[in-house]
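Below is one structure, written out as structure tokens; the observations come after it.
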Amino acid sequence: MTHDHDLVLRPTPAQTEAALDPPPGRNGGDLVVETLAGLGATTVFGLPGQHALGMFDALRRSDLRYVGLRVENNAAFAADAYGRITGEAAPLLLSTGPGALTSLAALQEAAAASAPVLAISSQVPTAGLGGGRHGYLHELPDQAASFRGVVKSVHTARTQSQIPSAIEAAWTSALSAPHGPVWVEIPQDVLLAETAIPVVTGGDAFPEELPPRPELTAVAADLLSKAARPAIIAGGGVVRADASKKLRQLAETLQAPVVTTPGGKGAFPWTHPLSLQSWIEDRHTTDFLEDADVLLVVGSGLGELSSNYHTFKPRGRVVQIEADLGKLESNHPALGIHADARLALQALLETVSEREDPTAPERVRALLAKVAERIAAQELTLEQSVLASVRKALPADSPSFWDMTILAYWAWSAFDAKGPNHMHSAQGAGGLGYAFPAALGAAVADPTRPVLAVSGDGGALYSIAELATARQYGLNVTWLIVDDGGYGILREYMTDTFGEATATELTRPDYVALAESFGVPGVRTTPENLEQDLAKHLASPGPSVVLLPAVLRMFAATHLD
């Protein structure tokens, strides 16, 4: 008897002939790029190095587009953003030792934000593996050990025949919920050696779905349907699962107010009558959420930023939908549903009962009025006007990428992203230097829209070399640098805590002149001219820099009260 899978696995005559007579001049690197192409990759990021030259030479013989950055960490940030924008696993090609290790901080951000990055690194020659001290260039006792605590999974190919399977397994891991970065390493000699292995013509990597358990969603639906004051916290998992429309439908069915976390920006319409917006670090919002008798948390682990620095203490029942098992019920007891946000929201939509609650919109308006009153009392008109100018200048469908800087901290709470997957920041791991290289990756992913990057002067110095990358590839990114003379947020923290700041003041270059030395147009602006200057450069093709000298302040924290 013939089974269906027997038919799928039987090669065609043409495939058999090609396998028996592969073209000459190929090496292990060709197996890497052929596997990537077979899986559907079109673009790779990276930086060449001595041990990885076999992979980079193979790029000449492929149709893959290569985008090279100047620092490995920045290349990983670019791959991270490409993955966030496209939903695809972004290949990142790196060399051994220092090159590989330089990417670690960016891979931590990708892990925290569940961004699918497929990092493929070279290794020392096979004879040097095993932890001995052989003295090879870039040698580490166990290179993969440096990544196991950061990435989602680690894969090693010790022979050429293992390369396609290792990359396919990593690809599947990166794109299975929760998404995340993965690590593949291949020895130098395996990459360089000529190969007689057939050309890799296709991939068989299907991300695993993560549906909810029906008995759990039935209980959750019953709780939500009978709740007197339901509320919803929407995190980044809603955005990554492309579940924003289902979230809105559920909120309207339940008449449940929705607040979005910094990672969930844009998951719910900003001006919707049920929108609590993103003021999740405000005590008024914390009180509102604590008062909910049933709180649905979707795609968030309720970590530090999403819980008003762990001051949030829910009094009602919590239902938590989370694809990352490590985050499920890690901070609060809940009815935990281990599932992809999209599939779980669909299950709830099919089982909840419609609620009527004419008071919900009024309670939302009252809360937002309290928040506005608190902010207004602090005389922060400069900060509010700068953020408003950025919003007015940025096209509604353009993505923005924000570094760890005071204006970004404002944006987490007060910026209307205008839609899901439009606003991204480094709030997952909190490292500096994310915004500009990430924006370059987004511009590679979608060259039809201008992209905005926002950095402070301290964070800008981490990625200034990528002005060369932006110029080389003509990437459509406008970089807003807010220059306050140093590490502004650390200056505030230290002054508030110790009475004065230490190690926060910086000597900076003339960013406009520096940009122009790379062939990138730049302009020095003022708060009054920011909207006009930013809009002009966003409307012009190619990269540009807008420098805003300004000392901005944070709104008062409420978790310290």
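Worth a mention:
- Expressed as a whole percent, the accessible area of segment 167-239 that falls on carbon and sulfur atoms is 57 (1.4 Å probe).
- The long axis of helix 28-39 is offset from the longest Cα principal axis of the chain by roughly 50 degrees.
- Helix 381-393 vs. the chain, principal-axis angle (Cα, 0 to 90°, nearest 10): 50 degrees
- Long pairs among Lys246/Lys392; Lys152/Lys245; Lys245/Lys265; Lys265/Lys418, criterion Cα-Cα beyond 20 Å: Lys246/Lys392; Lys152/Lys245
- Averaging the sequence gap over all C-alpha pairs within less than 8 Å and six or more residues apart, then dividing by the number of residues, gives segment 407-561 a relative contact order of 23 percent.
- With the charge dipole of segment 309-415 set up from +1 on Lys and Arg Cβ and -1 on Asp and Glu Cβ about the Cα centre, the Cα lying farthest toward the positive end among the listed residues Ala408, Pro361, Thr311 is that of Thr311.
- Ranking by accessible area, most exposed first, for Val184, Val150 with a 1.4 Å probe: Val150, Val184
- For the chain, the per residue solvent-accessible surface stands at 40 Å², with DNA, RNA and ligands left out and a 1.4 Å probe.
- The figure for Leu175 is an accessible area of roughly 30 square angstrom, using a 1.4 Å probe on the protein chains alone.
- Sorted peptide list for 535-541, 407-413, criterion being average Cβ within 10 angstrom, highest first: 407-413, 535-541
- Between 0 and 90 degrees, the angle of helix 244-254 with respect to the longest Cα principal axis of the chain falls at about 30 degrees.
- Remark: accessible surface ordering of Asp63, Asp510 (largest first) is Asp63, Asp510, probe radius 1.4 Å.
- Dividing the mean sequence gap of close Cα pairs (under 8 Å, 6+ apart) by how many residues segment 233-295 holds gives a relative contact order of 32 percent.
- Between Gln384 and Asp496, the distance separating the two model label sites (each 7 Å from Cα on the Cα→Cβ line) works out to 1.9 nm.
- Total charge dipole magnitude, segment 399-558, about the Cα centre, Cβ charges on Lys, Arg, Asp, Glu only, Debye to nearest 20: 400 debye
- Each of Val151, Val238, Ala115 was placed along the dipole of the chain (beta-carbon charges, centred on the mean Cα), and the one lying farthest toward the positive end is Val238.
- Anisotropy class of segment 60-206 from Cα gyration tensor, a/c 1.5 cut: oblate
- Shape category assigned to the chain from the gyration tensor of Cα positions, a/c cut at 1.5: oblate
- At R0 = 60 Å, FRET efficiency that the Cβ-Cβ distance of Arg133 and Glu329 yields, to 0.05: 0.85
- The largest accessible area among Val190, Val154 belongs to the first residue in Val154, Val190, and the rest follow in falling order (1.4 Å probe, all chains).
- Solvent-accessible area of segment 242-320 (1.4 angstrom probe, protein heavy atoms only): carbon and sulfur portion equals 45 percent.
- Ranked by how many other beta carbons lie within 10 Å on average, peptides 262-271, 114-123, 158-167 from highest: 114-123, 262-271, 158-167
- Surface accessible to a 1.4 Å probe, Lys370 within the full protein complex, Å²: 110 Å²
- Ordering of 318-325, 65-72, 515-522 by packing is 318-325, 65-72, 515-522, highest average first (other Cβ atoms within 10 Å, averaged per residue).
- Using a simple spin-label model with pseudo-atoms 7 Å out from Cα toward Cβ, Ala513 and Gln162 lie 5.4 nm apart.
- Here the chain is assigned +1 on the Cβ of each Lys and Arg and -1 on the Cβ of each Asp and Glu. Its dipole about the Cα centre then comes out at about 360 debye.
- Rel. contact order, % - alpha carbon contacts under 8 angstrom, at least six apart, the chain: 13 percent
- Cα gyration tensor shape for segment 370-497, rounded if a/c is under 1.5, else prolate or oblate: oblate
The values are calculated or read from the model by the stated rules, or taken from the named source; none is laboratory data. Just so it is clear, the model here is predicted, and its values are computed rather than measured. When we count neighbours, we look across all protein chains shown, and the Cβ atoms used for this are built from the backbone with ideal geometry, even at glycine. For accessibility, only protein heavy atoms count, side chains too; no ligands or nucleic acids. Shrake-Rupley method; radii C 1.70, N 1.55, O 1.52, S 1.80 Å.
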